[in-house]
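This report concerns only the one structure given below.
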Amino acid sequence: MQDFTGKVAVITGGASGVGRSLAFALGRRGAKIVVGDVDTAAMEQVDADLREAGIEAVVSHCDVTQLDSNIALAETAEAHFGGVQLVFANAGIGAGESGALWDYSEKDWQWCLNVNLWGVINAIRAFMPRLVAQSETTHFVVTGSGNGALLVYPDQPIYTATKAAVHTITENLHYQVQAGGLPVKVSALFPGPHIVDTGLFNSGRVRPEALQKESSGNESGINSVDDMKRMAAEFGIELQTTHPDEVAEMAMEGLEKDAFWLLKTTPETDAKIRARCDMIMNRETPVPDQVGG
Ligand SMILES: NC(=O)c1ccc[n+]([C@@H]2O[C@H](COP(=O)([O-])OP(=O)(O)OC[C@H]3O[C@@H](n4cnc5c(N)ncnc54)[C@H](O)[C@@H]3O)[C@@H](O)[C@H]2O)c1
């Protein structure tokens, strides 16, 4: 898609972080924006800020864990703007995991799988029938993570599992639309190249009442990127971060070329990906340094 002018872009999890930056990047290029989210305060803020920037937008409650809520978001886009040409299945959470995998609370698993995995599945089911039915080129973009899709960071097994699954789904979606000669371009967006300074590490703010953490003691103690920076500093590491606007600009550049991989890495990450491939090809026993940690 060379030109976003007049196109309608739906962004789940668009009230904060990467999704919010995508809304502005697309809006500045002339797209009409539909944000779906569950964080009322952030939704009000993004609504006001998009208006102030002169961007045509609708901000609507959408809980991605519910198929009906995704379908309602599609209908909202159609009612306001007459259709949808770009979908960003972007909403995601971090469950604040720490400790032994076998001790994790079932509610951590459920919440993370519900948002990160079912959120993408529901968006595919709600929006793909609408995208494939159009004669013009449309886009379906899934926000994944290198943690799971490319590497396996050993300290967030639930998150990693969801992002591994989400990537295989994204790749399969791409193969299916290609095989069918359908007008949808599928892309995999990887926020980075460093940890992106967003609300992801404070996802507890939107955790549903029914899935609150049990008192299992599995608290990571990390609630913000600043907490991560402090923890890294204790190990003598200066943690680098990326602003979400940079991620959105990287995504725009890729989408303008209909790229599948919306991925920017550092030389260090590239070396880890290569080491991981070598480890598999050489049948070596994994060690954390080779898999991502
Ligand atoms: N921040 C990073 O370093 C990083 C790295 C790789 C991938 N990602 C991915 O980027 C995506 C965006 O996350 P972010 O980093 O911008 O975090 P963020 O917390 O700033 O944004 C996520 C948004 O999703 C919304 N959300 C949460 N649960 C929802 C639900 N049930 N229904 C609808 N919306 C919901 C939140 O309210 C929030 O607005 C996620 O998929 C995340 O996994 C982030």
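What follows is calculated from the coordinates using simple rules that are stated; it is not laboratory data. These figures come from a predicted structure and were not determined experimentally. Cβ placement follows ideal geometry from the backbone for every residue including glycine, while neighbour counts extend to all protein chains displayed.
Partners of LYS32 within straight-line reach, counting lysines whose Cα lies under 21 Å from its Cα and excluding those fewer than 8 residues away in the same chain: LYS7, LYS185, LYS257.
Treating the beta-carbon of each Lys and Arg as +1 and of each Asp and Glu as -1, no other charges, what is the dipole magnitude of segment 8-268 about its Cα centre, to the nearest 20 debye?
Details: 17 positive and 33 negative charges, 126 e Å.
Result for segment 8-268 is approximately 600 debye, rounded to the nearest 20.
Here's the picture: charge each Lys and Arg Cβ at +1 and each Asp and Glu Cβ at -1 in the chain, and of ALA77, GLN156, HIS194 the one pushed furthest to the positive end of that dipole is ALA77.
The ellipsoid that matches the Cα gyration tensor of segment 8-268 has semi-axes, each √(5λ) in whole angstrom, of 29, 19, 19, with the longest given first. Look at the dipole of segment 185-278 built from charges on Cβ: of THR269, GLN212, MET252, the Cα furthest out on the positive end belongs to GLN212. Amide hydrogen proximity for HIS139: with H placed 1.01 Å from N in the peptide plane, the residues at 5 or more positions away or on another chain lying under 5 Å are LEU86, VAL87, LYS185.
Take THR5, THR138, THR76 and order them by how many other Cβ atoms sit within 10 Å, fewest up front. Spell out each step's value before the answer.
Working: THR5 9, THR138 26, THR76 19.
Arranged by neighbour count, lowest to highest, THR5, THR138, THR76 become THR5, THR76, THR138.
Take the Cα of LYS213, step 7 Å toward its Cβ, do the same at GLN178, and the gap between the two points is 4.1 nm. Taking a sphere under 11 Å around the Cβ of VAL46 and counting the other residues whose Cβ falls inside, with K and R at +1 and D and E at -1, yields a net charge of -4.
Think of the chain as a dipole: +1 on every Lys or Arg Cβ, -1 on every Asp or Glu Cβ, centred on the Cα centre; then among ALA15, GLN178, VAL87, GLN178 lies furthest on the positive end.
Can you order the peptides 6-18, 99-111, 178-190 by their average number of other Cβ atoms within 10 Å per residue, highest first? Don't skip to the answer; put the middle values down first.
Numbers: 6-18: 26.1, 99-111: 14.6, 178-190: 17.8.
Top of the packing list down: 6-18, 178-190, 99-111.
Phi angles of segment 240-248 translate, via the Karplus equation with coefficients 6.51, -1.76, 1.60 and θ = phi - 60°, into HN-Hα couplings of 8, 10, 10, 7, x, 4, 5, 5, 4 Hz per residue; Gly and Pro are given as x.
Taking each DSSP H run with n ≥ 4 as -39500 (n - 2.57) and averaging over every residue of the chain yields -13500 deg cm²/dmol at 222 nm. Here the simple spin-label model places points 7 Å from the Cα toward Cβ, and for GLU136 and ARG205 these points are separated by 3.5 nm. Between HIS80 and CYS277, what is the label-point separation in nm under the 7 Å Cα-to-beta-carbon projection? Reported label-point gap for CYS277 and HIS80 is 4.2 nm.
Once the chain from LEU67 to TRP102 is taken as fully extended at 0.36 nm per residue, the excess over their C-alpha distance is 9.6 nm.
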